[in-house]
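Working notes, structure below.
Here, each number is a calculation from the coordinates, and none is a lab measurement. Bear in mind the structure is a predicted one, so any value in this text is a computation, not a measurement. So basically every Cβ, Gly included, is an ideal-geometry build from the backbone, and we count neighbours across all protein chains shown.
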Amino acid sequence: MRFSEMKTLEKKIEMLEEMLEDPEKLNRAVYDVIAASDMNNDQQLSRAEFQKVLQDFGIGSFEAIEDLFTSLDKDENGFINFREFRHFFRAQSRIKLQHLQELKEMKDSQTPTKTKTKTKAASPEAGLKNKLSLKKWKSTRN
């Protein structure tokens, strides 16, 4: 299941934690992103392809994309290869994980805790008493 299709914060957090703990899962995720964005199948990202990836990550500023591309292109060949992109992707995933964990903490702190009370099985007599009480209450209201 793709990250964007996941419905709950918990699932997204769990998936990111697993990916960041397992180098094979991280490598697979990086490969999948590159493969999906690599239009000419040369197994590296051009500036235009990298811009598309960043827009998918929610980064749209041309200056930010240029700065990031330049800083990631360590060999200065005008492309970002798997190893160069992996460092960025891991850092971006850690930031995303931290953000989601903070959102979950905020959500959990705003959700009132429910106290569980044991309910007794309703007996026929109890149901009758409740009906009588309700009738008595209605008659005293007027």
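Some values worked out for this structure:
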{"read-out": "Count of the range 24-60 residues which are out of contact with any helix residue (DSSP H, G or I) (no Cβ under 9 Å at 6 or more places or on another chain) and more than 16 Å from Gly78 (Cβ to Cβ)", "value": "4"}
{"read-out": "Output for the range 68-108, where each listed residue is hydroxyl-bearing (Ser, Thr, Tyr) and in contact with a helix residue (DSSP H, G or I) (Cβ under 7 Å, 6 or more places away or on another chain)", "value": "Ser93"}
